[in-house]
Amino acid sequence: MDSLGSLNAFVRAAETRSFTVAGRQLGVSSSAIGKSVARMEERLGVRLFHRSTRSITLTAEGALFLDRCRRIFSEIEAAELELSQTHEAPRGTLRVGLPLVGMLMIPTLAAFMRTYPEIMLDLDFSDRIIDVIEEGFDAVVRFADAGDTRLMSRALGTYRRRLVAAPAYLAAKGVPKTPDDLKAHACLHHRFPTSRRFEQWPLPPEQAGVEIELPKTAVASTLEPLIYMAEQGLGIAYLPDFAIGRQLREGLLVTVLDDYTDRSGPLRVLWPSSRHLAPKLRAFVDFLAANLIPAVEGEADSGISF
């Protein structure tokens, strides 16, 4: 067991690239981690890390050793999971990072909570870049591919952005036929809270790369106010279809300029690399894959377009 503790200290230090962070995760001092690694290096007769005053990096031998250690812990985890899954339902706290627009995924998350009442969701809504491992997240949902080799991912589907407005607004102001017509309409814009940049609306092919100056009737850093204002007939908004599935289905909003709004993107759930998923995490990943995007696509496809 002492050897396993040393191996765990090495793996944590290698994955976080910090004795300090590894010690914080394990509840010991950074010097304790450093001494444990040093004893292991002495016993193995190889140097596992290059050390400097500011950082540590794996040597070639250390990288090989890390791969083998991960296999060892994966086997231990697999054995524990096999035993626990024979008599336990998914349970425990699940810390999940979601983008700010994830607030619009609450109906799906609520359905998950009803299905798995013994799992407590700890939800963090933010568009900042999250270090999943260092910050202790079990999973994150993001609109991008995984850029971290320490993470595994599963595609939940794709979403499409659409220009939408209330039927009453279009009846009063007219239906835009080309993107250039948007200059004469009330436009409800989304501004990314982190970068403060406006989300770009679709352009006609001949103007690709040229920004059209559109009226700014309202600006918001989250989507919920834009959805509400669009429903109230205050203008046209550019929104992801998963956020307005109900409104499209019920006819509260309709799409315009569909030929120009073909931008789509991936929606993925990411989690720390492991051969086997804990029951609570597997339940969460499987539930999102089965219920999040399929429900959205079914609703969005039934919307009316002008």
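The values are calculated or read from the model by the stated rules, or taken from the named source; none is laboratory data. Note that this is a predicted model, so its numbers are computed, not measured. Every residue, glycine among them, receives a Cβ derived from its backbone with ideal geometry; neighbour counts consider all protein chains shown.
Quick notes on this structure:
- Qualifying residue in segment 171-184 (condition: buried (at least 19 other Cβ atoms within 10 Å of the Cβ), assigned by TED's automatic domain parsing to the domain that holds Gln247, touching a strand residue (DSSP E or B) at 6+ places or on another chain (Cβ under 8 Å) and not in a loop (DSSP other than H, G, I, E, B)): yes
- Of the residues making up segment 151-178, just one is free of Cβ contacts under 8 Å to residues at least 24 places away in the same chain and on the phi > 0 side of the Ramachandran plot, namely Gly174.
- Residues of segment 258-276 that are of a type outside the set (Ser, Thr, Tyr), at pLDDT 80 or above and not in a strand (DSSP E or B): Asp258, Asp259.
- Count - residues of segment 240-264 that are touching a strand residue (DSSP E or B) at 6+ places or on another chain (Cβ under 6 Å), closer than 23 Å to Ala155 by Cα and of a type outside the set (Val, Ile, Thr): 5
- Residue in segment 180-199 that is among the aliphatic types (A, V, I, L, M), modelled with pLDDT of 85 or more and in contact with a Ser or Thr (Cβ under 8 Å, 6 or more places away or on another chain) present: yes
- Check on Val132, assigned to a strand (DSSP E or B) and at pLDDT below 95: no
- Checking Tyr260 against (1) touching a Lys or Arg at 6+ places or on another chain (Cβ under 9 Å); (2) surrounded by 15 or more Cβ atoms within 10 Å (Cβ to Cβ), the condition it does not meet: (1)
- Within the option set Phe73, Phe65, being over 14 Å from Ala13 (Cα atoms), surrounded by 15 or more Cβ atoms within 10 Å (Cβ to Cβ) and assigned by TED's automatic domain parsing to the domain that holds Asn8 holds for one residue only, Phe73.
- Verdict on Leu226 being at pLDDT 90 or above and either within 17 Å of Val101 (Cβ to Cβ) or surrounded by 12 or more Cβ atoms within 10 Å (Cβ to Cβ) (or both): yes
- If you go through segment 52-63 and pick out every residue that is basic (Lys, Arg) and either at pLDDT 90 or above or under 19 Å from Glu135 (Cβ atoms) (or both), you end up with 0.
- Hits in segment 230-253 (condition: aliphatic (A, V, I, L, M) and surrounded by 20 or more Cβ atoms within 10 Å (Cβ to Cβ)): Ala230, Ile236, Ala237, Leu239, Ala243, Ile244, Leu248, Leu253
- In segment 231-257, residue nearest to Arg12 (Cα to Cα) [restricted to those that are touching a Phe, Trp or Tyr at 6+ places or on another chain (Cβ under 6 Å) and modelled with pLDDT of 90 or more]: Tyr238
- Check on Phe73, more than 30 Å from Thr222 (Cα to Cα) and free of Cβ contacts under 8 Å to residues at least 60 places away in the same chain: no
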